[in-house]
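The values are calculated or read from the model by the stated rules, or taken from the named source; none is laboratory data. From a predicted model like this one, the values you see are computed outputs, not experimental measurements. Cβ: placed from backbone, ideal geometry, glycine included. Neighbour counts: every protein chain shown. Note: areas computed on protein heavy atoms with side chains; ligands, DNA, RNA excluded. Shrake-Rupley method; radii C 1.70, N 1.55, O 1.52, S 1.80 Å.
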Amino acid sequence: MCNTCGCGQPGERHNHKHRVSATRARKQPLAIPANRTLNLQQAVLSKNDQLAAGNRQVFARHGILALNLISSPGSGKTTLLEHTLTALRGEIPCAVIEGDQQTRRDADRIAATGVPVVQINTNTACHLDAHQVAHALDELDLTRIRLLFIENVGNLVCPASFDLGETAKIVLLSVTEGEDKPVKYPLIFHLSEQLLFTKIDLLPYVPFNLDSSKQFALQVNPRIGFIETSATTGRGMDAWLAWLRNRLSRIRGGE
Amino acid sequence: MHELAIAEHLIELIGKHVRESGGQRAVRVTVQLGEMSGVMADALLFCYELAAKSTCADGSELVIDSVPAVIECRSCQARTCPVEFSMLCPECGGSDTELVQGRDLLLREIEVINDV
């Protein structure tokens, strides 16, 4: 139940203000005009945007860096997380929210690293939404977390349209995919803070051109940053960890 | 993709405004839809009709005015329309640009009537 007004389902977070409608103070008109046009300038948001704003407030209140990891299926999100969480053990308290259509397989892999994890199964949905994330947060002790990874459902299209309330989106692109993905799927690259190239140990064996791919990404997002990693060989992981530490230190400043 | 949830919120807002104005039904609603809002006009029209059923906006016409995306270049001050999401300034090739128009979905007008 919403603690503010008692509405809604248990555990559901809302982002609504409670204010007295101005119309109660107005006197009722004697004659109501028949037809009239109301002129407005009001932003229309989805329910998801409202709930995402609520999640964002929760993260800010707790000083949590929340990262929404988005990529095609098989780009290496879970493997990257396994190595990242192991490297940060004892240094930064982390947690993970896993999103998949079915199974707890990814959550089990994360759990093996010792980090608290919540698995969301969307069944048929192709993306996580803010409502699901809000419920998942109820299962975590937010006072003991500094860095939250949200591993979205593998999909370069739909997750881009569903704000989860995260601090930043990170898009992953493996070198076994097309280097022109950023212009073919522009929205997610446009909205992401960092583009993380994965599986770079395979570069000698694939036609992927890193510089071309970066140029494509800069076209749709001139401010995007790049990190190149191979989770399995460890190459580039230091740069990724350094970026995480730096990004975490910056949220205190409200960035 | 999420046009149904957006249509539902739109209907909610319409209902609130209609009630506050003392009216009973909305017969025509006008929105401004930015080109880069991520919302598809066709899908919004379809979902609007569904979401409006049994509300004060049931049967109302939804007019969607398309708002073009505009980027402003901080290097050469040019304001242009981006092509295929490219944020590079077509005038000077610069990358210090900002999307100044075309992201929003705005509710602009509601024509309200009272049933006799």
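Take the residues in the stretch A:107-162 that are assigned to a loop (DSSP other than H, G, I, E, B) and small (Gly, Ala, Ser), then tell me which one is most open to solvent (accessible area, probe 1.4 Å).
Initial filter on the stretch A:107-162 (assigned to a loop (DSSP other than H, G, I, E, B)): A:112-116, A:122-129, A:138-141, A:145-146, A:152-157, A:162.
Narrowing the set further to residues that are small (Gly, Ala, Ser) leaves A:112, A:114, A:125, A:154.
On the way: A:Ala112: 89, A:Gly114: 65, A:Ala125: 34, A:Gly154: 28 Å².
Across the stretch A:107-162, the extreme among qualifying residues is A:Ala112.
Look through B:Val31, B:Val27 and report the one residue that is closer than 24 Å to A:Arg36 by Cβ, over 14 Å from the mean Cα position of the chain (by Cα) and of a type in the set (Val, Ile, Thr).
Working: B:Val31 fails: over 14 Å from the mean Cα position of the chain (by Cα).
Only one candidate passes the filter, namely B:Val27.
Would you be able to tell me the number of residues in the stretch B:65-81 that are under 17 Å from B:Leu105 (Cβ atoms) and either acidic (Asp, Glu) or in a loop (DSSP other than H, G, I, E, B) (or both)? Outline the logic, then answer.
Quick first cut of the stretch B:65-81, residues under 17 Å from B:Leu105 (Cβ atoms) only: B:65-70.
Imposing the further condition that a residue be either acidic (Asp, Glu) or in a loop (DSSP other than H, G, I, E, B) (or both) reduces the set to B:65, B:68-69.
Total meeting the criteria: 3.
In the stretch A:167-180, what residues are open to solvent by 10 Å² or more (accessible area, probe 1.4 Å) and either in contact (Cβ under 8 Å) with a residue 60 or more places away in the chain or of a type in the set (Ser, Thr, Tyr) (or both)? If you could, list the steps in order and put the result at the bottom.
Here is the first cut: in the stretch A:167-180, the ones open to solvent by 10 Å² or more (accessible area, probe 1.4 Å) are A:167, A:169, A:176-180.
Within the stretch A:167-180, A:Thr167, A:Lys169, A:Thr176, A:Glu177 meet the criteria.
Kindly indicate which of B:Leu50, B:Leu4, B:Leu10, B:Leu45 is open to solvent by less than 70 Å² (accessible area, probe 1.4 Å), under 30 Å from A:His127 (Cβ atoms) and of a type in the set (A, V, I, L, M, F, W, C).
Numbers: B:Leu50 fails: open to solvent by less than 70 Å² (accessible area, probe 1.4 Å); B:Leu4 fails: open to solvent by less than 70 Å² (accessible area, probe 1.4 Å); B:Leu45 fails: open to solvent by less than 70 Å² (accessible area, probe 1.4 Å).
Exactly one of B:Leu50, B:Leu4, B:Leu10, B:Leu45 is open to solvent by less than 70 Å² (accessible area, probe 1.4 Å), under 30 Å from A:His127 (Cβ atoms) and of a type in the set (A, V, I, L, M, F, W, C), namely B:Leu10.
For every residue, the table says whether it meets (1) more than 10 Å from every other protein chain (Cβ to nearest Cβ); (2) at pLDDT below 90; (3) open to solvent by less than 60 Å² (accessible area, probe 1.4 Å).
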{"residue": "B:Asp58", "(1), (2), (3)": "yes, no, no"}
{"residue": "B:Asp65", "(1), (2), (3)": "yes, no, no"}
{"residue": "B:Val70", "(1), (2), (3)": "yes, no, yes"}
{"residue": "B:Cys76", "(1), (2), (3)": "yes, no, yes"}
{"residue": "B:Phe85", "(1), (2), (3)": "no, yes, yes"}
{"residue": "B:Glu91", "(1), (2), (3)": "yes, no, no"}
{"residue": "B:Asp104", "(1), (2), (3)": "no, yes, no"}
{"residue": "B:Ile110", "(1), (2), (3)": "no, no, yes"}
{"residue": "B:Val116", "(1), (2), (3)": "no, yes, no"}
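Going through the stretch A:219-245 one residue at a time, which ones are surrounded by fewer than 19 Cβ atoms within 10 Å (Cβ to Cβ) and touching an Asp or Glu at 6+ places or on another chain (Cβ under 6 Å)?
Listed by number, the residues that qualify are A:Thr233, A:Gly236.
Select from the stretch B:93-102 the residues that are more than 7 Å from chain A (Cβ to nearest Cβ) and in a strand (DSSP E or B) and write down the one among them that is most open to solvent (accessible area, probe 1.4 Å).
B:Glu98
So that you can scan it fast, the table gives a plain yes or no per residue for (1) assigned to a loop (DSSP other than H, G, I, E, B); (2) of a type in the set (Lys, Arg); (3) in contact with a helix residue (DSSP H, G or I) (Cβ under 8 Å, 6 or more places away or on another chain):
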| site | (1), (2), (3) |
| --- | --- |
| B:Gln32 | no, no, no |
| B:Ala43 | no, no, yes |
| B:Val63 | no, no, no |
| B:Pro90 | yes, no, no |
| B:Leu106 | no, no, no |
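Could you list, in sequence order, the residues of the stretch A:157-180 that are more than 13 Å from every other protein chain (Cβ to nearest Cβ) and either farther than 24 Å from B:Asp104 by Cβ or among the aromatic types (Phe, Trp, Tyr) (or both)?
A:Ile170, A:Leu172, A:Leu173, A:Ser174, A:Val175, A:Thr176, A:Glu177, A:Gly178, A:Glu179, listed by residue number.
Among the residues of the stretch A:190-208, is there at least one that is open to solvent by less than 20 Å² (accessible area, probe 1.4 Å) and in contact with a His (Cβ under 6 Å, 6 or more places away or on another chain)?
No, the stretch A:190-208 contains no residue that is open to solvent by less than 20 Å² (accessible area, probe 1.4 Å) and in contact with a His (Cβ under 6 Å, 6 or more places away or on another chain).
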